[in-house]
């Protein structure tokens with residue numbers, strides 16, 4: 001196994017962090033934790049995501065081995081998305097991050113309000 005150091009400017013692990021820390025990637029991984037789903041089902045699970053962004057996110061996750069796409073030969077034809085084995089290894093850290101965000105959003109919003117008030121009006 002190669003040792004990576006995220007503090008080195010050109011470390012490939014930074015690209016990995018960028019991939020797995022992206023908001024839509026995190027939400028899509030959590031959405032697929034519920035089980036395999038067609039595109040429209042994934043979109044229903046994720047409020048507010050556009051067709052373009054969901055397509056880009058699924059392609060990115062698939063290209064990086066986190067999501068598997070299976071063509072369905074049913075009526076209507078389509079594809080089904082599921083987490084790969086590698087994608088499932090992301091569930092625990094992603095759930096923890098999502099939980100932290102849900103628990104601390106009020107704290108962050110209050111800090112932002114305090115910072116805006118302290119900065120005063122802009123001219």
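Read the figures in this text as sums done on the coordinates, not as results from a lab. Since the model is a prediction, treat every value here as computed from it, not as a measurement. Reconstructed Cβ throughout: ideal geometry from the backbone, glycine too, with neighbour counts over all protein chains shown.
Points worth noting:
- Hydrodynamic radius of the chain per Kirkwood, over alpha carbon pairs, in Å: 16.8
- Using a Förster distance of 25 Å, the FRET efficiency for residue 2-residue 23 (Cβ separation, nearest 0.05): 0.35
- Between helix 23-32 and the chain: long-axis angle, C-alpha atoms, 0 to 90°, nearest 10: 40
- Nearest-0.05 FRET efficiency for residue 11 and residue 56, computed from C-beta distance (R0 22 Å): 0.35
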